[in-house]
Each structure stands twice: as structure tokens, then as C-alpha cells.
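The structure appears right after this line, and notes come after that.
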Amino acid sequence: MNIKDNLTQIQQQITNACQLANRAPDEVQLLAVSKTKSAEMVMQAYQAGQRHFGENYVQEAVDKVSQLSHLSDICWHFIGPIQSNKTRLIAENFAWVHSVDRIKIATRLNDQRSGQDTPLNICLQVNISGEQAKSGTTINELNELAAYVNNCEHLTLRGLMAIPQKQAPMSIFNDMHQLFTDLKSQYQTLDTLSMGMTNDMDSAVAAGSTMVRIGTAIFGHRD
Ligand SMILES: *Cc1c(COP(=O)(O)O)cnc(C)c1O
């Protein structure tokens, strides 16, 4: 398990996927998903040049954030489901949140971010496959949520996030890109389509993703 080699390999895969899609490789940013992995492993990735890290579990993440607080340019992204009693820790410890899917959570994050110098960067999670159990806003509610977040003083609306089902058809990825393009024409701060994981990265990049969230291919399988 060599994290540095894995990062090199995944960057190459991003470059290849971009070339196939006639896109410039620097249009796609790599978010290293370090959930369940140790601060030491995050440090190895950092030393190999990686700066953006994604976490799903608040308490685990906050422990790592504090262990690595000496790294002034590390950037933490929260990508997991959000319980409302955890929003304060998220607002205080992260630079980005990808999984905002309801107004109540946006309101709390905005209030609880007010003590910080910089706004919290927000992606709205869209339930693109329309499954009952999955988190994410419905497409119908997306415009209202986007308008709400755009008006929050301590939040910056950066984009959309999706977790397509396993083996999702290409049309799902393209639908997400279309939603992103439509919203981008309304909000100047929109620049991020957070889509693509270890197993669907190529489809996501082909469809126009600007940030891929990769865990397994960098840090190995999780228990
Ligand atoms: C775990 C997770 C990832 C990374 O998944 P891999 O398949 O390990 O690359 C990406 N996004 C979210 C929201 C996750 O929970």
C-alpha cells in the first residue's frame, strides 16, 4: 500500500479521462476521501502533495482535523449525511460541505459559521436517482434550496454533489451536469460539480464533473 503511488496513478486516470472527454486535466480536482483512515495516512498523502481531504463522520473527522492543525494549507471537506446536532462541529472545522440537502441544515450552518473569517463553501446534494432512502434534495426542491443558500451571509454556494447508484447509466451523470449548467447560469459563485468515486470516476469526468471524491483507490479498502 503506497499512498504516493496511488495518488500518482489516480491523477493519471483523471488525465486520461479528461483527454477522452476533450477536457483539460486541471478542470478536475481530486478530493482524497480519508474516512476511517488514520491521521498518519492523511499525512502521507499530504506529503505527496495532496491538499483536499473528504470526511464522512463528524467526530472522527474533528479528531483528525485537530491532530493535523499544524498543516495550515490542508483543506477539509465534509461529505457525509448531516444530523442537525452536528452542524456546529461541521461549521467550525471544515472549509467545504458537500452534503447540504435541506434548508434547516443550511440555516444552522450559516448561523454557526458566523464567528469565522471565511464563508463555508457549500455544495447541494441532489438525489439524482430519486430513491426514497438516499439523502439529497429532490430536483423539484433544488431551486428553492439554492436560492436560500445563495442568500446566506456566511455560506458560499459552490455547486452540486451527487452519489449515483452503482452501475448508474451515463444518462444519470449527464442529467447531473445539466442541472449544474442550468444553476451555474443563475449563480456566479457556482464552479463545482462534485461527482465520481473510485468505481465511477471515468463516467463522472466524461459527463463534466469538476471534483472527484476518491477513497479506496488512494487509501485501500475500508473495514
Ligand atoms: C466513501 C465516499 C466516497 C469515496 O468512495 P470510494 O468508492 O472509496 O472512492 C466518495 N463520496 C462519498 C460521499 C463517500 O461517502
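The values are calculated or read from the model by the stated rules, or taken from the named source; none is laboratory data. All values reported here derive from a predicted model rather than from experimental measurement. Note that we place each Cβ from the backbone using ideal geometry, even for glycine, and neighbour counts take in every protein chain shown. Heavy atoms of the whole protein, side chains included, go into the accessibility calculation; ligands, DNA and RNA do not. Shrake-Rupley method; radii C 1.70, N 1.55, O 1.52, S 1.80 Å.
Quick notes
- Among the residues here, Gly49 does not qualify as touching a strand residue (DSSP E or B) at 6+ places or on another chain (Cβ under 6 Å) and not charged (D, E, K, R).
- Single residue of the range 21-46 satisfying the filter (part of a loop (DSSP other than H, G, I, E, B) and hydroxyl-bearing (Ser, Thr, Tyr)) that is surrounded by the fewest Cβ atoms within 10 Å (Cβ to Cβ): Ser38
- Here Gln116 meets the list (1) part of a loop (DSSP other than H, G, I, E, B); (2) buried (at least 20 other Cβ atoms within 10 Å of the Cβ); (3) touching a helix residue (DSSP H, G or I) at 6+ places or on another chain (Cβ under 8 Å) almost entirely, failing just condition (2).
- Scanning the range 1-20 for residues that are under 20 Å from Thr192 (Cα atoms) and open to solvent by less than 30 Å² (accessible area, probe 1.4 Å) yields Ile10, Ile14, Ala17, Cys18.
- Of the residues making up the range 196-223, those that are part of a helix (DSSP H, G or I), open to solvent by less than 30 Å² (accessible area, probe 1.4 Å) and within 15 Å of the ligand (Cβ to nearest atom) number 5.
- Selected residue [open to solvent by less than 10 Å² (accessible area, probe 1.4 Å) and not in a helix (DSSP H, G or I)] from Leu193, Leu183, Leu142: Leu193
- Where Ser171 falls short, out of the listed (1) open to solvent by 10 Å² or more (accessible area, probe 1.4 Å); (2) away from the ligand (no atom under 14 Å from the Cβ); (3) assigned to a loop (DSSP other than H, G, I, E, B); (4) free of Cβ contacts under 8 Å to residues at least 40 places away in the same chain: (3)
- Number of residues in the range 59-110 that are of a type in the set (Lys, Arg) and free of Cβ contacts under 8 Å to residues at least 12 places away in the same chain: the value is 0.
- Candidates are the residues of the range 57-77 that are buried (at least 18 other Cβ atoms within 10 Å of the Cβ) and within 13 Å of the chain's Cα centre (by Cα); the one that is farthest from the ligand (Cβ to nearest atom) is Trp76.
- Residues of the range 10-39 that turn out to be more than 18 Å from Met211 (Cβ to Cβ) and either within 16 Å of the ligand (Cβ to nearest atom) or modelled with pLDDT under 95 (or both), as a count: 3
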